[in-house]
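Inspection log for the structure reproduced underneath, given as structure tokens.
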Amino acid sequence: MADDKDVLRDVWFGRIPACFTLSPEETTEREAEPYYLLLPRVSYLTLVTDKVKKHFLRVMKAEDSTEMWFEYEGTPLKWHYPIGVLFDLHASNTALPWNVTVHFKNFPEHDLLHCTSNSVIEAHFMSCIKEADALKHKGQVINDMQKKDHKQLWMGLQNDKFDQFWAMNRKLMEYPTDEGGFRYIPFRMYQTMGERPFIQKLFRPVSPEGHTLTLGDLLKELFPAAICAEDEPKRFQVMIHGIEPLLETPIQWLSEHLSHPDNFLHISIIPAPSD
Amino acid sequence: MPSSLLWAVDVYGRVYSLSTAGQQWEHCRDAHLEFKRVTAVQQCCWSIACDHNIYLYVHASEVPIRYQEETYENQRWNPVDGFSDRLLPSDRWQWSDITGLKHQPLGDFQLPSENWEWEADWYIDENFGGEPTEKGGWTYAIDFPATYTKDKKWNSCVRRRRWIRYRRYKAQDTWVKIPSEQTESLPDPFNDITCGGWEITEEPRGCLALWAVSLQGKVWFRCDINHHNPEGSVWEEVPVPGEVVQISCGPGDLVWAVLWEGHLLVREGVGRDCLKGSSWVTVESPSPGVGVVHVAVGVNVVWAVTKDHKVWFRRGVNSHNPCGSGWIGMVGEMVMINVGLSDQVWAIGFEDRAVYFRQGVTASELSGKAWKVVSVPRDSERSHSSASASSLQSAGCFFGGEVRLQSQASMLSDADAETERAGGEVVPTPEIGDAPKPRIPKVTSDKLEDRASPAQVLSPSQSGGVDPQWSNVDLEEAQTHLTSGPGGDAAETSSLSSVATYNLALEEPYGLDEPPKWAWVSGGGCLVECHTQLNWFNSSTSTALNSSMQAMSLSITPAQTAAWRKQIFEQLSERSKREMENFMHYEQAIEQSVWVKKGTMQWWRDWKPHKWVDVQFALEQFSGVEGNKDGILFIYYTFNDEKKYLHMFINEVTILVPVLNDSKHTFAIYTAERTKQRWPMRLAAATELEMHDWLALLSVSCCDSRGIQGPPSKQAIWSVTCKGDIFVSEPTKELEASPYPTPCAQISLGVVWGIGYDHTAWVHTGGYGGGFFQGLASSTDNIYTQTDVKSVYIYENQRWNPVTGYTNRGLPTDRYMWSNASGLKECTKNNTKPPSPNWTWVSDWTIDYAVPGGTDREGWQYAADFPASYHGNKTLKDFVRRRRWARKCKLTTTGPWQEVPPIPLSDITILPLRAKGSVSAQNPAGDCWYHIPSPTGQKLKQVSVGRTSVYTVDENGNLWYRHGVTPSYPQGSSWEHISNNVRKVSVGPLDQVWVIADKVQGSHSLSCGTVCRRLGVLPMEPKGHSWDYGIGGGWDHITVRGNAMEAPRIVMPSLTDNQTATRPLQTSNQPEMNGNPVGC
């Protein structure tokens, strides 16, 4: 029987094979070869695609080398969602590698945030962690950390250092024993079709009666359509890190083990494949 | 690390030990008894057996425990018999101890217990004070008591000799009963025992504190346990303000006890002179209404278990505050807990009765990280005898004892059974009010039981509504008879550990193929270093309860086997296969290029007592995402036998600087935080070469991590250390100016000039590197060979005395006869070395006649005493003289410097001060000089000119500001004294004022050569108002001439803000300057 630590490792070291192709709209001096890369599921697109940028800039005219952005089948990919979430949401159940189109022109101002440097990603990442800790511990743990501890979290993610990251993140995952879990579970629930980017609500890991709440309880409250009766055909897939946990999985355990480095549990709800 | 032992008692009272090197529990075979409790230390293990007696198990060691008994035979001379045993009535006994006060005939010596044996018979000690005596070993004296000599003299009226006999402790590696004749006064048998205190005192050797609790709740202390007396001598009662049920004593001076009501007692006053302590203080139970049932203490920790099996950690416990400050609830449900060496924690789980180890307990994280189950099998010896047991099992009759068959049941059904059992266990037994679920031989219930009649002993199982197990209890007892001999013992076993019997009753059906059920554990002798991997945890024999990294995962016993968890594991591995297996040839998005350089070094420990400790030093460098390199420095050290480390991010390092130290090759690393604390990380390398290697490497990685390449920019701040290393600091775009080190010197309008000791001017070529940077991948363009020559001076000192005149025999209080100028350091011709290995001697020692003050023809200078002012001719009042020896050394190194043909530039700043009119980039030579009078009576040494302000430093270290300097009237009008104890000043083009100051309060003393910056310098207020103290120690020169950043943006890494006035630097003699003529 495997160890829970293995779950953390599996989550951290999850990789998505991606094939980056330059958009045909881009004008190039010569033909651009596609670029293949293994993307860490828990990282951010703009954080790990320096090589992609270098690769394509070689064939671009210098004056066109503006901000790079990505698109998958017509959908601009939001860099501030973790890569794994983008993949689960838009491309799960498709053939691998994941075909991502690279753009330099026509930045979709309405859909994407600008990402001029890694410090923008860092700021976004740290603000997520802080928000998550505000939900979990009223922000006490993250505020007690020193600046260099924050840095350690970020550097851990940036340099793909599991141990470095978890040495610090461990503190964010603690909770008082008598409460049976965090104050609230930091989670975000994504849908492809939703009018809102994601659902986020206050949700406690334990019911007022003291019962451990599960993923099913969370869905029942926020997205009842995802729960189907025995005889019905499945309409939705509830994906976390590319897997579909059982509905009876305690939400606290999920939060501890299947959260992204930003300390949020990112849940993607996608229509079940018809076949 | 030698292996050490963890001791434990299972619910059947069998004692096992587990070696840190081993992988199975070894049954303590020669014990024919069942035990209730054990308490182990490294050299022995104490226990309470079920016969109420205390037993001791002393490990055999190479050094036998032997004790020398001695007695003296005394005789007096009388004219008739000569020396005879007929003594005067006022005399001592014929046989006595050394003082003569105690009657000690040979026959009175008894072995202290049957565990001792005589090595041989009595014999006479024929040595006296280390020398052999005349035959018979007699020593003589005039009378008792007196000084004895080995020679017989005419007036020797008495004599004595010493008899010696050795006894040896024979009972090693076996359980021996501690004789109880002295415990007759005890009204009741012992119920708990704890051993510790070995860190309190080293005298006598092996001194231990042993505490015990009796069934009636009294506390007893065993006196005089030490290496020569492993059994101790006598029990002394320690009064307690209540009924104690359990006690725990740490390696140091912590002693805590649990009261029957559930509160805790803390012993105060335990110390070297009083192992027993003096008084008790009460500490409340961590959760109101739920009393403590068990406590365990270490050196700096206290752990407790409450009746609801919750585990608690006491914050802030140390020997000054034995009570600690507060409780912290921990995860896990335990029935007992034990603290071993290095505050490592062991416990027995409530659910599974397994032995748990607290993982990750370190000196900085005493509460550890997670519980890890110790899952190793027991030795198989006993299973040979249990053939009948297995046959019984096959007949469907589950039965205690070892079952040899591997469990055929699947894991799942095991787990189900366990769940069932867990369900069954929560049935409360109301009859035992205070302990609804007694799982161990808990003292509270024991006591209740004992007061009841033995016949009612098994009542818990009856009353618990688990009647069907009755027969199993019988069976178990029957088996105990088989294996442990006399039935009476077994009966007593069950009566004494009645609760354990209750357990047996419940747990019998699961057989012993399951993990053993433990009742007691003691890690007091078990040394686990936090970085060593014990092989106790990975054993495949464990059931679902496996190790778990995270603290929160302990409580998931049922969860571990739950379907959802299994499914997550399966899906995750499926996912990894699906998404990665066929794509492993793809490039990874994040490069993991890491390289590490390791070495050994010494580190000046950050905490008291400060000392140099050996450390492993490692620099781990990796490429960051944007191609910039970054690194982490690790310092691995050992503290309290635990391996630990410090780390420091290279991008936080602000300064690397070699530190002058005579005996070690040391350097210091600063970060902003450490500058603030005035406490750099100090390290010493084994050789100078090694130190330079490291400095160069660290320096390059600092530059790498900041993306700094090539020559320093025009804005850099330059400084020179006492050793002549040149550092340059580049204000970065961030708010903080982060001085970073690279070698170089002195700037003026974008051209950098340096002046060597031989007054040659060097010009910076815009290259970078050289010196100890040789061989590194830095820019090697513009690196030229540099040479420099300077003289090293030492002083020969002599004192006059009336007999021999001037000689090299000084007074004891005098300076060394060969010394440096101050006389504080011994400098002989032989031991004086060139300033660094890069310098080589180019001449021999010669007497230096060109000493300020003049010399006589032999080079001597005379004075009334050291230290004083010397003059060149001898007078009547002169009692000491000295002369200076000089030796030239030459530096050949490489650097980005080019020699400038000799120009009359050197020492333009020498007194008397002249203002150089209209110096400009176009006309660097200036065109005329004005003479400006110095401040009264002070010889100026250095001057620095900013855009509008002029500062000078005089020979006494005073800093002066020139008033009234304007572009049209550059001479200025008057001097104002700003500060003293200033060594060097540099004024930047924006009138920033930076100085090197002496006698600044450092981290632990006044430090010399601290970089300070003037605060509050504004266009209208060019003097500023106060100093900001920066990095301390060892700086000799600084220049900020090129630093043209806006003044408010330059913030030193260490701001001691808002010092309202100039910190009064104490006046004193400026130490003799080393004549560095660099100036600007």
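Values as computed for the structure displayed
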item: Where only C-alpha atoms are counted, convex hull volume of region B:101-145 per residue in Å³; result: 137
item: Square roots of five times the Cα gyration tensor eigenvalues for region A:1-106, Å; result: 29, 13, 12
item: Stretch gain in nm, segment B:Q216-B:D91, where the contour uses 0.36 nm per residue and the Cα spacing is subtracted; result: 40.0 nm
item: Calculated on alpha-carbon atoms, Rg and Dmax of region A:48-97 in Å; result: 13.0, 38
item: Rule-of-thumb Rg ratio for region A:115-199 [Cα; 2.2 N^0.38 Å; N residues]; result: 1.22
item: Angstrom value of the Kirkwood radius, inverse mean 1/r, which spans all Cα pairs in region B:167-303; result: 15.5
item: Potential extension, B:S325-B:H263 segment - 0.36 nm per residue separation minus Cα distance; result: 20.8 nm
item: Long-range Cα-Cα pairs in region B:65-212 (distance over 20 Å), rounded percent; result: 63
item: Environment charge of B:Y148, counting only residues whose C-beta is closer than 9 Å and scoring Lys/Arg +1, Asp/Glu -1; result: +3
item: Virtual spin-label span in nm between A:T116 and B:E673, 7 Å along Cα→Cβ; result: 3.0
item: Label-point separation in nm, B:L824 to A:H124, each point 7 Å along Cα→Cβ; result: 5.9
item: A:L222/A:Y36 FRET efficiency (R0 45 Å; Cβ-Cβ; nearest 0.05); result: 0.75
item: For A:R9, solvent-accessible area (1.4 Å; no DNA, RNA or ligand), Å²; result: 80
item: Counting DSSP beta bridges with both ends in chain A, the antiparallel % (nearest 5); result: 70
item: Förster radius 45 Å - calculated FRET efficiency between B:N956 and B:H647, Cβ distance, rounded to 0.05; result: 0.50
item: Violating pairs (Cα-Cα greater than 27 angstrom) within the set A:K5/B:K643; B:K177/B:K310; B:K597/B:K833; result: B:K177/B:K310; B:K597/B:K833
item: Amide proton proximity set for B:Y148, modelled H, under 5 Å, gap of 5+; result: none
item: Area accessible to solvent at A:E248, 1.4 Å probe radius, in Å²; result: 100
item: Net charge of Cβ neighbours under 11 Å - reference A:H241; Lys, Arg +1; Asp, Glu -1; result: -2
item: Chain A - Rg (one decimal) and Dmax (whole number), Cα, Å; result: 19.6, 67
item: Simple spin-label estimate for B:Q43 and A:V206 in nanometres, 7 Å along Cα-Cβ; result: 4.9
item: Residues of region B:105-138 with amide N under 14 Å of the 7 Å Cα→Cβ point at B:K150; result: B:125-138
item: Of A:K53/A:K171; B:K608/B:K644; A:K148/B:K664; A:K78/A:K201, pairs whose Cα-Cα distance is over 25 Å; result: A:K53/A:K171; A:K148/B:K664
item: Amide H contacts under 5 Å for B:W520, placed H, 5+ residues apart; result: B:V9
item: Shielding by partners, peptide B:572-580 (average Cβ within 10 angstrom, other chains); result: 6
item: Environment charge of B:V792, counting only residues whose C-beta is closer than 10 Å and scoring Lys/Arg +1, Asp/Glu -1; result: +4
item: Shielding of A:242-249 by partner chains, average beta-carbon count, 10 Å; result: 6
item: Förster radius 30 Å - calculated FRET efficiency between B:N318 and B:N226, Cβ distance, rounded to 0.05; result: 0.70
item: Cα gyration tensor category, rounded, prolate or oblate, for region A:186-273 with a/c compared to 1.5; result: oblate
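The values are calculated or read from the model by the stated rules, or taken from the named source; none is laboratory data. Since this is a predicted model, take the numbers as computed values, not measurements. No Cβ is skipped: glycine too gets one built from the backbone with ideal geometry, and neighbour counts run over all protein chains shown. These accessible areas exclude ligands, DNA and RNA; they are computed on the full protein's heavy atoms, side chains included. Shrake-Rupley method; radii C 1.70, N 1.55, O 1.52, S 1.80 Å.
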